[in-house]
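The values are calculated or read from the model by the stated rules, or taken from the named source; none is laboratory data. Every value quoted in this text rests on a predicted model; they were computed, and no experiment measured them. So basically every Cβ, Gly included, is an ideal-geometry build from the backbone, and we count neighbours across all protein chains shown. Just so you know, the surface numbers come from the protein's heavy atoms only, side chains and all, with ligands and any DNA or RNA stripped out. Shrake-Rupley method; radii C 1.70, N 1.55, O 1.52, S 1.80 Å.
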Amino acid sequence: AAFLRLGRDDDAAEAARILVSPEHHCVQPRNLARGHGVLGQVAAKRGDAEAADGHFGRALQAATASRFPLWEVIAARDWKRAVPASGAAADAAIDAACVKMGKSRDQLSSVL
């Protein structure tokens with residue numbers, strides 16, 4: 001994520017690929033969600049919406065496995081920002097996570 005903020009997309013993608021690779025043996029769903037989210041953002045910046053959607057889908061799966069719905073909100077928020085055409089699916093994921101937390105979108109405005 002830091003590489004993304006610095007505009008070093010190639011480095012961000014490489015670090016994220018390593019993180020989510022089976023050889024790395026990462027078992028923390030939160031980290032897997034973040035890694036796939038970074039890959040999704042890089043793919044979106046490169047104009048590959050299909051690959052971005054796939055990575056964000058895996059990010060949401062990992063976030064769901066974490067059992068912390070706020071990670072789902074963050075993954076979906078990043079998806080919606082990166083791939084506006086997928087906004088409806090991202091919004092549905094945000095709404096579902098809000099229901100799990102018993103929170104409204106307004107209560108999560110600082111995250112969204």
The simple spin-label model distance between LYS103 and SER21, using points 7 Å out along Cα→Cβ, in nm, is 3.5 nm
Points 7 angstrom from Cα along the Cβ direction at ALA1 and GLU50: gap in nanometres? 3.0 nm
By how many degrees, 0 to 90 and rounded to 10, does the Cα axis of helix 49-65 deviate from the longest principal axis of the chain? 60 degrees
To the nearest 10 degrees, how steep is helix 69-82 against the longest Cα principal axis of the chain, on a 0 to 90 scale? 60 degrees
Relative to the longest principal axis of the chain, what angle (0 to 90°, nearest 10) does the C-alpha long axis of helix 29-45 take? 70 degrees
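Do any trypsin sites (Lys or Arg not before Pro) in segment 4-47 lie in a loop, going by DSSP, with at most 13 other beta-carbon atoms within 10 Å of their beta carbon, and if so which?
Answer by residue number: ARG8, ARG46.
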The base-10 log of I(q)/I(0) that the Debye equation returns for the chain at q = 0.17 Å⁻¹, one scatterer per C-alpha, is -0.75
Kindly report the accessible area of the chain per residue (heavy atoms of protein chains, probe 1.4 Å, no ligands, DNA or RNA), in Å². 57 Å²
Expressed as a whole percentage, what fraction of the accessible surface of segment 2-112 belongs to carbon and sulfur atoms when a 1.4 Å probe is rolled over the protein heavy atoms? 55 percent
The Cα radius of gyration of segment 7-48, divided by 2.2 N^0.38 Å with N its residue count, comes to 1.12
